[in-house]
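Peer 1: Dropping a structure here in structure tokens format, bear with me for questions.
Readers should treat all values here as calculations from the given coordinates under stated rules, not as data from a laboratory. Everything numeric here is computed off the predicted structure, so don't read it as measured data. Here the Cβ positions follow ideal geometry from the backbone for every residue, glycine too, while neighbour counts run over all protein chains shown.
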Amino acid sequence: MKSTSDLTEGCFRIYQSPEVLVVKHLNYDKLLQFDLQNENAVSEVTLDSISKFILTEQKLKPHALLGVMKIDHWSLLLFVTAFEKVGSIESKKIYSIKEVDFVPITSEAFEPNSETNYYLTGIKALFNIGFYYSLEYDLTQSTQSKKSEKPDNPKLQESLYYNFNYNLKLQLIEAKVNPIFYISMINGYVGINEEVDLSGEKATLTIISRRSRFMAGTLFNCKGIDEQGNTANFVETEQIMKIGHKTFAFVIYRGSPPVFISSNKKDFTKSFKFVEVSNEQKASAIKSHVDRLTTKDNMNIFFINLMSDNVTDECVLNNHFQNLPSETSSGKNCKLSRFDFNYTMEGNDFNILHNYISQFIKVNNSNIQYYCLDTKFKSSVDQTGVIRINCFNSLDRTNVMQAALVWKVLEIQVSIKL
Amino acid sequence: MEKKKQEKSLHPLMAVYKNMWGSNGDFLSLQYAGHISDFEGENIPERENAKGRFESVNNIFGANIFEENYKNHCLKLLLQEDIRGNNITLLYLLLLI
């Protein structure tokens, strides 16, 4: 049963004077202070240090702080004011953000111009769907990634692709405030079903999709790859199945074709145009993209391209896939497979899809493996290969292929025919 | 009748699984393309045909182009990316016309 926060107060209190803006977390004895007379410098202070100010408490009692947003010449705190519980992972609650609000960090009256208001309204509307956080569980990293040793520097640790409010909380991180004041948020999808019946045994199925914050723009504005090796619509999807003392996980990726393209804004009848870059830039971007997919846990990588040779635009893009390296910088496999989804699935015979997937897994099983943690026998197996799937927009066809492929993986993980 | 027989033989986990992956596709499609996924998968062949029509309409007419640019800019602000040179004031003024 889901619960909403519409009628409940959060754990933050906000106080203001002409000199300072103070944020209090009810579960922490220090306060967050923004010095309004010193370029909004932020620091952690004690209760004694603010006693000299005449503070007025604001009505807003939010639940979580996303960070500091700069727009026009304003600095605004962005707070979560309503959420909904999605479920629990490892007994840790996961929430979907429903509403946000801004608190200006200023001693003057907050009077944004109509254009700024227009965008503030739009930013609030973004949170209607697909933003998630947890106070206890790190949604920004996969289960296997969390096992890896983390560097001490929180800035390096947080510079992951899926922490959607990373830049918002950068000022707080650099000021070394206690992380209790801010949360990490992802954009994508979280689905949790805690009442799955697996041959009489109760299990929990979780799907987490994490959108990359790089090249995170909308379809018309964001396509292909950039010079740093980021691709548009890049999403890491993790499926977690917990049965008793065993946890199975599998991570799969999607993204725009790694080709330098952009929307054709002068001719809407063409779905894209090529961006002129040198061969060296192309090679460097592809290499960065491939290495980034494998660096974390030194994995093999498998590209599956679903685009069709019978669709003019897609056929042109298919030729550019030949630039993929045959191995990563660390010597791991980098392979490309083709599956012409539109042509092959024209008769809606899903047996063809299943046969392709079965064959793919049979051939590459030893280079992929699947994550499993057994807490009873204290053993674990790691995923050693990742699969990156694309079609043209990497939406519908990609989702079908991913769902079918991960189902086959699930059958192997739980060792029964589902 | 054939379809019902097929559904009966599916593992009980399959219904949950398809629902969750379908929602996954819808959410990601909404966030990137501005509409829900038009493809649910097996046993719904009529949606396969609709999918192609939807994509071609979007491409030809550049549907919701202003709304998409607005959403794109809001995303960039949320991500605190450099938005200089995007001529957003001009976009805003065009929307007022």
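Peer 1: Counting DSSP beta bridges with both partners in chain A, what percentage is antiparallel, nearest 5? Kindly include the intermediate steps, with their values, before the conclusion.
Peer 2: Details: 80 of 94 bridges.
If we restrict to bridges inside chain A, about 85 percent are antiparallel.
Peer 1: If you don't mind, there's one more thing I want to ask. Please average, across the residues of A:64-75, the number of beta carbons from any other chain that are within 10 Å of each residue's own beta carbon, and give a whole number. Walk me through the numbers before you get to the answer.
Peer 2: Working: counts 0, 0, 1, 2, 1, 4, 2, 4, 0, 0, 0, 0.
The shielding value for this peptide is 1.
Peer 1: How long is the gain from A:N279 to A:D48 if the chain were fully straight, where each residue apart is worth 0.36 nm and the alpha carbon distance is subtracted? List each step's numbers first, then the result.
Peer 2: Values: separation 231, 0.36 × 231 = 83.16 nm, distance 6.17 nm.
Here the answer is 77.0 nm.
Peer 1: As an exercise, use a Förster radius of 45 Å and the Cβ-Cβ distance of A:N351 and A:T121 to find the FRET efficiency, rounded to the nearest 0.05.
Peer 2: Numbers: r = 49 Å, r/R0 = 1.09.
According to the calculation, E is roughly 0.35.
Peer 1: Same structure, new question: Can you give me the distance in nm between label points at B:N19 and B:E67, each placed 7 Å from the Cα along the Cα-to-Cβ direction?
Peer 2: Placing both labels 7 Å along Cα→Cβ, they lie 2.8 nm apart.
Peer 1: Kirkwood hydrodynamic radius, computed over distinct alpha-carbon pairs, for segment A:56-103: how many Å, to one decimal?
Peer 2: On the way: mean 1/r = 0.0815 Å⁻¹.
In segment A:56-103 this quantity evaluates to 12.3 Å.
Peer 1: Could you give each residue of segment A:170-182 its phi-based ³J(HN,Hα) in whole Hz, using Karplus coefficients 6.51, -1.76, 1.60 with θ = phi - 60°, and x for Gly or Pro?
Peer 2: 4, 4, 6, 5, 5, 7, 6, 6, 4, x, 4, 6, 9
Peer 1: Moving on. Once fully extended, how much extra length lies between A:K61 and A:N38, figured as 0.36 nm per residue of separation less the alpha-carbon to alpha-carbon distance? Kindly include the intermediate steps, with their values, before the conclusion.
Peer 2: Numbers: separation 23, 0.36 × 23 = 8.28 nm, distance 2.56 nm.
This chain segment gains 5.7 nm when fully extended.
Peer 1: Quick check on my link table: of A:K146/A:K169; A:K93/A:K376; A:K70/A:K147; A:K169/B:K71; A:K378/B:K76; A:K169/A:K408, which ones sit more than 32 Å apart, alpha carbon to alpha carbon? Intermediate results must be reported in sequence, preceding the final value.
Peer 2: On the way: A:K146/A:K169 21 Å; A:K93/A:K376 23 Å; A:K70/A:K147 35 Å; A:K169/B:K71 22 Å; A:K378/B:K76 44 Å; A:K169/A:K408 39 Å.
A:K70/A:K147; A:K378/B:K76; A:K169/A:K408, as the Cα separations exceed 32 Å there.
Peer 1: On to the next question. On C-alpha positions alone, give me the angle between the axis of helix A:279-295 and the longest principal axis of chain A, in degrees, nearest 10.
Peer 2: Its long axis makes an angle of about 80 degrees.
Peer 1: Given the options A:N279, A:N300, A:N399, state which has the largest fluctuation in a GNM of chain A using a 10 Å cut-off (strictly under) for Cα springs.
Peer 2: Taking springs between Cα atoms under 10 Å, the residue moving most is A:N279.
Peer 1: What ratio of Cα Rg to 2.2 N^0.38 Å holds for segment A:16-133?
Peer 2: Values: Rg = 15.9 Å, N = 118, 2.2 N^0.38 = 13.5 Å.
This ratio for segment A:16-133 stands at 1.18.
Peer 1: Please list, in chain and number order, the residues 5+ apart from A:Y371 or on another chain whose amide H is under 5 Å from its amide H, with Hs placed from the backbone.
Peer 2: A:A249, A:Q383
Peer 1: Something else now. Using the Karplus curve 6.51 cos²θ - 1.76 cosθ + 1.60 with θ = phi - 60°, work out ³J(HN,Hα) for each residue of segment A:185-200 in order, rounded to whole Hz, and write x for Gly and Pro.
Peer 2: Result, ordered by residue: 10, 10, 10, x, 8, 10, x, 9, 10, 9, 10, 7, 9, 10, 6, x Hz.
Peer 1: I've got another one for you. How far is helix A:350-368 tilted, in degrees, relative to the longest principal axis of the Cα atoms in chain A, given as a value from 0 to 90 rounded to the nearest 10?
Peer 2: Relative to chain A, helix A:350-368 is tipped by roughly 80 degrees.
Peer 1: Tell me which residues come under 5 Å, amide H to amide H, from A:Y28 once H is placed; ignore anything under 5 positions away on its chain.
Peer 2: Sorted by chain and number, the residues that satisfy this come to none at all.
Peer 1: Enter the mean number of other protein chain beta carbons within 10 Å of the beta carbon of each residue in A:218-230, as an integer.
Peer 2: Numbers: counts 14, 11, 13, 9, 3, 0, 0, 0, 0, 0, 0, 0, 0.
That average works out to 4.
Peer 1: Can I ask one more? Starting from the Kirkwood radius over alpha-carbon pairs of chain A, derive D by Stokes-Einstein at 25 °C in a medium of 0.890 mPa s and give it in µm² s⁻¹. Numbers along the way, then the final one.
Peer 2: Values: Rh = 23.7 Å.
Rounded, D is 103 µm²/s.
Peer 1: Please identify the longest segment of chain A free of exposed GluC sites (Glu not before Pro), where exposed means a DSSP state other than H, G, I, E or B and no more than 10 other Cβ atoms within 10 Å. Intermediate values should be presented prior to the final figure.
Peer 2: Numbers: sites that count: A:E39, A:E108, A:E149, A:E276.
In chain A, the maximal stretch lacking such sites is A:277-418.
Peer 1: Enumerate the calculated ³J(HN,Hα) couplings along segment A:324-333 in order (Karplus 6.51 cos²θ - 1.76 cosθ + 1.60, θ = phi - 60°), each rounded to whole Hz, writing x wherever the residue is Gly or Pro.
Peer 2: Each residue of segment A:324-333 in turn: 5, x, 8, 8, 7, 4, 8, x, 8, 5 Hz.
Peer 1: Further, regarding this structure: Which far-off residues, 5 or more places away or on another chain, put their amide H under 5 Å from the one on A:F303, with H placed in the peptide plane?
Peer 2: A:K335, A:L336, A:S337, A:R388
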